[in-house]
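Novice: A single structure is presented below for examination.
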Amino acid sequence: MATFSWTNPVSGDWNTGTLWTPGAVPDATADVTIDALDTIGVYAVTIAAGESEIINSLTLNASNNLAGTNSNPYTGAQFQMDGTLTFAPGSAGLIDGSLQTYMVSDNGTFVNVGTFAPFFQGTGNVLFTGTNGFYVENWLQSLGTVTVDTKSIGEITGATPTIVAGSTIAPNTLFDGIYDATGANSVMNLGGALENLIVNIATLEGPPAYPTGWAELILAGQNAQINEWNGTAYVSLETTLTEIGRAGTVDVMSGRDYTTTNTLTIDSLGMLNLQAGTITTAGLDINGGVVQGIGTIANTVTNDGTLMVLAGTVGSTMTLAGSLIGTGVVEFDHDLKNGGTLSTIGGTLDVASVSAGQTIIMNGSDTLVLTAPSAFAGSISAEIGDSIILQGVTATSAIDTNGTLFVSNGTVPVAALKLSGSYANDSFTTNGSIITIGSASAVSNFTVTDTTTGMTTTTAGSPYTGPVSGITSQYITATSDSLNITATTPNSFIHTGSGTDAIDVSLVNGTNVLDGSTGSNFLVGGTGFDTFFLDDRGATADTFSTVVNFHAGDDATVWGITTADFTLNTYDNQGAAGYTGLDFSFTAAGKPNANLVLTGYTTADLTNGSLTITYGTTAAVGSTPGSTYMLIHHN
């Protein structure tokens, strides 16, 4: 095979021989590389409409300019393919390189592409065809009509392929890649009559051999379609999809409706992400996974996972027109797909019938609308500033009695709502059908028990002044006394001194930073995204700290740790009774030992994709050097 490379960061047509090394246009045996070191801007290599090229393989931005394709703004090669690009018979048909490389085609045709690595955007009518097995490593986006009519689609596995009337029926599980129809009337067609490939996707899941990978289907437009060839015609994905499995995501965006006669199941670590119109199914089963967003869900939702109402814009509303049953939780604000945090603009959940197994967790500024208050049997955990609207009901009082909110119109009871959490210092004001949670006195954000002196106090702390988005209150102390600190409001930063301390945010949840500083500590997180800090810089004695409720999205940072200065060993089933787990043991000659236990975890979580460990150093500030650290992230 011959090697041809485009090494200058200049735009030009593929057929300009002087821009290639060795000074000629690539031939059918060519392994082509387009990869110039560029710090100026974007440059494009173009196969124009009407041109037809044959090569062996194509690699884009693989080594010289990998950083440029990941930068913002993008500085690297853009490949514009508006003609026909064919990979020679017998070749693997590889389009390789940086996963962020931008590749675009307007009415182009690709023949015998195999593995396809770049981000691809198709406008007009774009065709992928041929006898190679087509495999998307990254992102295939259609702004027009993109058709993948190949002999096979490598990401679709599961059942054994069969032949019916001369057509290949693909297996029914899509396990990798992003297939994206974005924009009004955009279409992504899978399978087709040219190569007789029937597609029947029932399950979407992430790659089993690649725990941190994922698969995603995006429908982002009023009439956006992902279609499958059934042997005689293209039918919508909704006709076959029944399950979103581990590391699978389906996005229904831009107000698009989603209609299916199937029950749609979302398994653990799967997600249905909505900015939708109306979702109509035979049933929506959240089987340990997540459904998040806004829109209307018309049918019964069985929630044995997490239902998330997104906020951040005025009018952010999720409406459940059918029954909500199961034993899961309903939360507000956090966009798990994009790592979002609490918003000061609340969301609205409008529900009808709700079973006793559901817990609805509000975060302040949120609204819960009960269209049929008598059919609400769930429990509510609300914060100051949240509102509950009882449609069809007039209320003059609402009183919390032993965890039940009794609502009355004069002396006539009109509703009884189960509450979870503590509302000892809160007031419930009524205005017609609206109940608002407020405070009867100044807001006490923290309860502090000094176990050295035996004294307990409450304090509002102070407004948070640090860089972490979503944090509102802080409590900072440098005392050497041992403290037990309980947050009574969400979104807190808590920093203790050198004592043996306990920090607990599990009663309020939200987004929190728990900084145990030096000493041995017991840190209890909540259901929101929490960050745990422990400090081993200049330790004078052995330390042993425990983290409880560590979950996906959380971080734990141990300051003062480097691979050069400390030896890290990990052990299972370590720690206090009832809180045993994965022990990170740091030892170094002449230095105190340090141990950090993640309750409920094992060493297997270091290799199954759950936990990721990285080391680093913060930037220096003036003459003050940066600090080394080890970061544990739950994926």
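The values are calculated or read from the model by the stated rules, or taken from the named source; none is laboratory data. Note that this is a predicted model, so its numbers are computed, not measured. Positions of Cβ are backbone-derived with ideal geometry, glycine not excepted, and every protein chain shown enters the neighbour counts. The area values use the complete protein model at the heavy-atom level, side chains included, leaving out ligands, DNA and RNA. Shrake-Rupley method; radii C 1.70, N 1.55, O 1.52, S 1.80 Å.
Novice: Which one is nearest to GLY293 (Cα to Cα) among residues in the range 316-333 that are in a loop (DSSP other than H, G, I, E, B) and open to solvent by less than 10 Å² (accessible area, probe 1.4 Å)? Full working, then the answer.
Specialist: First, the residues of the range 316-333 that are in a loop (DSSP other than H, G, I, E, B): 316, 321-323, 326-328.
Of the ones still in play, those that are also open to solvent by less than 10 Å² (accessible area, probe 1.4 Å) are 316, 328.
Numbers: SER316: 8, GLY328: 16 Å.
This residue is SER316.
Novice: Still on this model: Identify all residues within the range 610-632 that are over 18 Å from ASP554 (Cβ atoms) and aliphatic (A, V, I, L, M); write none if there are none.
Specialist: ALA619, ALA620, VAL621
Novice: Can we say VAL508 is in a loop (DSSP other than H, G, I, E, B), hydrophobic (A, V, I, L, M, F, W, C) and open to solvent by 20 Å² or more (accessible area, probe 1.4 Å)? Give the derivation first.
Specialist: On the way: in a loop (DSSP other than H, G, I, E, B): yes; hydrophobic (A, V, I, L, M, F, W, C): yes; open to solvent by 20 Å² or more (accessible area, probe 1.4 Å): no.
In short, no.
Novice: Identify, please: which residue in the range 1-22 is surrounded by 14 or more Cβ atoms within 10 Å (Cβ to Cβ) and either among the small types (Gly, Ala, Ser) or in contact with a Gly (Cβ under 7 Å, 6 or more places away or on another chain) (or both) and is, among those, modelled with the lowest pLDDT?
Specialist: Applying the filter and picking the extreme gives ALA2.
Novice: Pick from the range 576-585 the residues that are in contact with a strand residue (DSSP E or B) (Cβ under 7 Å, 6 or more places away or on another chain) and over 18 Å from ILE632 (Cα atoms): which of them is modelled with the lowest pLDDT?
Specialist: Taking the range 576-585 as the starting set, the residues that turn out to be in contact with a strand residue (DSSP E or B) (Cβ under 7 Å, 6 or more places away or on another chain) are 576, 579-585.
Next cut, over 18 Å from ILE632 (Cα atoms) only: 576, 579.
Details: ALA576: 90, TYR579: 95.
So, considering only residues that are in contact with a strand residue (DSSP E or B) (Cβ under 7 Å, 6 or more places away or on another chain) and over 18 Å from ILE632 (Cα atoms), the one modelled with the lowest pLDDT is ALA576.
Novice: Related question: Can you tell me which residue is surrounded by the most Cβ atoms within 10 Å (Cβ to Cβ) among those in the range 103-131 that are hydroxyl-bearing (Ser, Thr, Tyr) and touching a residue at least 60 places away in the same chain (Cβ under 8 Å)? Explain how you work it out, then say what you get.
Specialist: Taking the range 103-131 and keeping what is hydroxyl-bearing (Ser, Thr, Tyr), we get 105, 109, 115, 123, 129, 131.
Applying the additional criterion that residues be touching a residue at least 60 places away in the same chain (Cβ under 8 Å) yields 129, 131.
Details: THR129: 20, THR131: 13.
Looking at residues that are hydroxyl-bearing (Ser, Thr, Tyr) and touching a residue at least 60 places away in the same chain (Cβ under 8 Å), I get THR129.
Novice: Just a yes or no: is a residue in the range 569-581 under 19 Å from TYR629 (Cβ atoms) and aliphatic (A, V, I, L, M)?
Specialist: Taking every residue of the range 569-581 in turn, none turns out to be under 19 Å from TYR629 (Cβ atoms) and aliphatic (A, V, I, L, M).
Novice: Does the range 532-548 include one or more residues that are open to solvent by 30 Å² or more (accessible area, probe 1.4 Å), modelled with pLDDT of 95 or more and under 19 Å from HIS634 (Cβ atoms)?
Specialist: No: zero hits.
Novice: Follow-up. For the range 495-514, how many residues meet the condition of being over 17 Å from ASP536 (Cα atoms), in contact with a strand residue (DSSP E or B) (Cβ under 6 Å, 6 or more places away or on another chain) and touching a residue at least 24 places away in the same chain (Cβ under 8 Å)?
Specialist: 5
Novice: Turning to a different aspect of this structure: What number of residues in the range 515-531 are open to solvent by 10 Å² or more (accessible area, probe 1.4 Å) and either within 21 Å of ASN635 (Cβ to Cβ) or in contact (Cβ under 8 Å) with a residue 60 or more places away in the chain (or both)?
Specialist: Pass one, the range 515-531, residues open to solvent by 10 Å² or more (accessible area, probe 1.4 Å): 515, 517-520, 522, 524, 527, 529, 531.
Cutting the leftovers down to either within 21 Å of ASN635 (Cβ to Cβ) or in contact (Cβ under 8 Å) with a residue 60 or more places away in the chain (or both) gives us 527, 529, 531.
Going through the range 515-531 one residue at a time, the tally reaches 3.
Novice: Still on this model: When you go through (1) touching a residue at least 40 places away in the same chain (Cβ under 8 Å); (2) over 28 Å from TRP214 (Cα atoms); (3) open to solvent by less than 50 Å² (accessible area, probe 1.4 Å) one by one for PHE566, which number turns out not to apply?
Specialist: Condition (1) is where PHE566 drops out.
Novice: For the range 511-539, how many residues meet the condition of being in a loop (DSSP other than H, G, I, E, B), under 17 Å from GLY466 (Cα atoms) and not hydrophobic (A, V, I, L, M, F, W, C)? Step through it out loud before you land on a result.
Specialist: Within the range 511-539, the subset in a loop (DSSP other than H, G, I, E, B) is 511, 516-520, 525-529, 536-539.
Now drop any that are not under 17 Å from GLY466 (Cα atoms), which leaves 511, 516-517, 529.
From what's left, not hydrophobic (A, V, I, L, M, F, W, C): 511, 516-517.
Counting residues in the range 511-539 that are in a loop (DSSP other than H, G, I, E, B), under 17 Å from GLY466 (Cα atoms) and not hydrophobic (A, V, I, L, M, F, W, C) gives 3.
Novice: Now for a separate question. Among what's in the range 350-365 and is farther than 20 Å from ALA298 by Cα and within 23 Å of the chain's Cα centre (by Cα), pick the residue that is surrounded by the fewest Cβ atoms within 10 Å (Cβ to Cβ).
Specialist: THR359
Novice: Restricting to the range 28-49, name every residue that is assigned to a loop (DSSP other than H, G, I, E, B), in contact with a strand residue (DSSP E or B) (Cβ under 7 Å, 6 or more places away or on another chain) and open to solvent by 20 Å² or more (accessible area, probe 1.4 Å).
Specialist: ALA28, THR29, VAL42, ALA48
Novice: Could you tell me whether the range 239-254 includes any residue that is touching a Lys or Arg at 6+ places or on another chain (Cβ under 9 Å), open to solvent by less than 50 Å² (accessible area, probe 1.4 Å) and farther than 19 Å from HIS334 by Cβ? Give the steps one after another, and end with the answer.
Specialist: Narrowing the range 239-254 to residues touching a Lys or Arg at 6+ places or on another chain (Cβ under 9 Å): 249, 251.
Checking which are open to solvent by less than 50 Å² (accessible area, probe 1.4 Å) leaves us with 249, 251.
Pick out the ones that are also farther than 19 Å from HIS334 by Cβ and you get none.
Checked against the condition, which is being touching a Lys or Arg at 6+ places or on another chain (Cβ under 9 Å), open to solvent by less than 50 Å² (accessible area, probe 1.4 Å) and farther than 19 Å from HIS334 by Cβ, the range 239-254 yields no hits at all.
Novice: Additional query: Within the range 166-196, track down each residue that is under 14 Å from SER152 (Cα atoms), modelled with pLDDT of 90 or more and in a strand (DSSP E or B).
Specialist: ASN189, LEU190, GLY192
Novice: Taking only pairs six or more apart or across chains, which ones have beta-carbon atoms under 8 Å, a first residue in the range 16-27 that is without any contact (Cβ under 8 Å) to a residue 60 or more places away in the chain and at positive phi, and a second residue that is of a type in the set (Lys, Arg) and open to solvent by less than 50 Å² (accessible area, probe 1.4 Å)?
Specialist: none
Novice: Within the range 266-282, does at least one residue satisfy the condition of being at positive phi, touching a residue at least 12 places away in the same chain (Cβ under 8 Å) and not in a strand (DSSP E or B)? Even if it seems obvious, please write down each step before you answer.
Specialist: Of the residues in the range 266-282, the ones at positive phi are 269.
The next check asks that each one be touching a residue at least 12 places away in the same chain (Cβ under 8 Å); those that pass are 269.
From what's left, not in a strand (DSSP E or B): 269.
Within the range 266-282 (the criterion being at positive phi, touching a residue at least 12 places away in the same chain (Cβ under 8 Å) and not in a strand (DSSP E or B)), the answer is yes, since at least one residue qualifies.
Novice: So how many residues does the range 283-295 have that are in contact (Cβ under 8 Å) with a residue 24 or more places away in the chain, open to solvent by less than 40 Å² (accessible area, probe 1.4 Å) and of a type outside the set (Gly, Ala, Ser)? First the steps, then the outcome.
Specialist: Looking only at the range 283-295, we keep the residues that are in contact (Cβ under 8 Å) with a residue 24 or more places away in the chain, and these are 286, 289-295.
Add one more test, that the residue is open to solvent by less than 40 Å² (accessible area, probe 1.4 Å), and what stays is 286, 289-293, 295.
With the extra rule that they be of a type outside the set (Gly, Ala, Ser), the set shrinks to 286, 290-292.
Within the range 283-295, residues that are in contact (Cβ under 8 Å) with a residue 24 or more places away in the chain, open to solvent by less than 40 Å² (accessible area, probe 1.4 Å) and of a type outside the set (Gly, Ala, Ser) number 4.
Novice: Please verify whether VAL250 is in contact (Cβ under 8 Å) with a residue 12 or more places away in the chain and over 15 Å from the mean Cα position of the chain (by Cα), treating the condition exactly as stated. I'd like the intermediate steps shown before the answer.
Specialist: Working: in contact (Cβ under 8 Å) with a residue 12 or more places away in the chain: yes; over 15 Å from the mean Cα position of the chain (by Cα): no.
No, not satisfied.
Novice: Looking at VAL448, VAL414, VAL407, which one is among the aliphatic types (A, V, I, L, M), closer than 27 Å to ASN512 by Cα and touching a strand residue (DSSP E or B) at 6+ places or on another chain (Cβ under 6 Å)?
Specialist: On the way: VAL414 fails: closer than 27 Å to ASN512 by Cα; VAL407 fails: closer than 27 Å to ASN512 by Cα.
Matching residue, one of VAL448, VAL414, VAL407: VAL448.
Novice: Output the strands (runs of 3 or more DSSP E) that fall wholly within the range 342-418 and possess 2 or more residues being in contact (Cβ under 8 Å) with a residue 40 or more places away in the chain and of a type in the set (D, E, K, R), or say none.
Specialist: Working: elements: 348-351, 359-361, 367-370, 379-381, 387-390, 397-401, 404-409.
Result: empty, no element qualifies.
Novice: Something else: In this structure, is LEU264 under 14 Å from LEU217 (Cα atoms), modelled with pLDDT of 95 or more and crowded, with 22+ Cβ neighbours inside 10 Å?
Specialist: Details: under 14 Å from LEU217 (Cα atoms): no; modelled with pLDDT of 95 or more: yes; crowded, with 22+ Cβ neighbours inside 10 Å: yes.
No, not satisfied.
Novice: Something else about it: Looking only at the range 58-72, count how many residues are within 30 Å of PRO89 (Cα to Cα), at pLDDT 70 or above, out of contact with any Gly (no Cβ under 7 Å at 6 or more places or on another chain) and open to solvent by 20 Å² or more (accessible area, probe 1.4 Å).
Specialist: Residues that pass the stated criteria total 2.
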